[in-house]
Each structure stands twice: as structure tokens, then as C-alpha cells.
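What follows is a short report on a single structure.
Every read-out reported here was derived from the displayed coordinates using simple, explicitly stated rules and does not represent laboratory data. Since the structure is predicted, the reported quantities are computational estimates derived from the model, not experimental observations. When we count neighbours, we look across all protein chains shown, and the Cβ atoms used for this are built from the backbone with ideal geometry, even at glycine.
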Amino acid sequence: MVPPRQPRRVVCRAAALAEPLFQQLEKLHEEFRGHPPVAKWNPDLCGDMDLVICSDGRWVHEGTEIKRQPLVQLFASILKKEKGDYFLVTPVEKWRIRVEDAPFLITQAAKDETRILLTTNTGDVVPLDSDHPLILKLYGDPPQPVPYIEVRDGLEARTSRDVYYELIDWAEPRQPTAPPARLCQLWLTSSGEEFLLGEY
């Protein structure tokens, strides 16, 4: 007697996909400078990859952390956000993954006379400006306003604790001057723009 067929669960397995995809991404990286044009790629959904971007910045595949930084960086280069979901996209494949908070983490900050530059855990370097604004969102337990930066195409990075404290040192404190402001505020200036870092 033939046993009943189990429902098919489309899940990417490391041995079946990770290395071939890595080789494919290397070719894409050679073809495109910077980030591949994932916004223009719209293949059919292949399924769900057992890959989680943890809130602490780790990339975990099938319960095991990916420690090969070149692989993480290549995955990050083809990351795409659509309607609140996250996908790894190539011209012919599209895999949905899970992101606990933001896909990237700001791990370094640098400052000169006019700009603040922020570096993510996947190697992106973005200026704090109108194209990469600072956004305050609630995070943690209990929830507190924490700065997030838009890196590209709706993909955000949360600032690490060390970077957050560094930004506080660089911020200008201002007294409230008019409603609705009731608390003292901290403001950052970068690329000719001002960004609210927090209130106290």
C-alpha cells in the first residue's frame, strides 16, 4: 500500500541551495557594482527559506548562525522588502525569509564638519541625510524610542547601543520653545538636515 503523500512544504535546505546561491550571487556581484537592481526583479515566489535575521544582527539558517561574512553580505545585497515581508531575490528566484526587527544593524558612526556616516553590520555605508533619514521607533522591553536609519528601498537599520550613545554625544540639546514640545530635545545635524534623536 502506498503511504499517503504528505503536504509539500517548500523550505530551502542549506545543502541544496546555499552554496549554489552563493555562486550565483558572486556572479551577480561581479556584474553589478554596489547592489544588484532587485527592485527590477520580480520572479515568482519559490517558497519560504528557513532563514531568520535576528534582532541582534545575526543571520541564522536552519537554526545555525551563518558566520561566513561574505555570504551574509551577498544575501544582504539581494534583500528586498514588499508589503512588510522580506525576500531574497535573483532574476530567477524569490525566497521569503523572516526578520525579527530590522534587517540591518548600525555598528559604526563617523563624523566630520558637515556629515555623519553610518556603517551597517553588512558593510553598507550611508550618510545621514534626507535620502537616509533617522526615524524614531519603539524597541525593547519596556519599549523605548530608538533611532532607525533607512538604508535603501525601505530596508532599515537599527542603531546599536554603542552607536546610539555616540550619537547622543554629538547631538545638540535644545529647550522646548513651543507646543507640542514639552521636553528638552536632542538634535543631530548632517548633510544640511536636522534630525530629532530623542527627548528627555
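For the reader, a short list of remarks on this structure follows.
- Look at 55, 190 and count the other Cβ atoms within 10 Å of each Cβ; fewest to most, that gives 55, 190.
- Cα→Cβ-extended label distance, 7 Å offset, between residue 168 and residue 139, nm: 1.5
- Per-residue Cβ neighbour rank within 10 angstrom, fewest leading, 67, 80, 111, 94: 67, 111, 80, 94
- Anchor residue 40: lysines whose Cα lies under 30 Å away (excluding residues fewer than 8 positions away in-chain): 27, 67, 80, 81, 83, 94, 137
- For 129, 101, 85, 112, order by how many other beta-carbon atoms lie within 10 Å, fewest first: 112, 85, 129, 101
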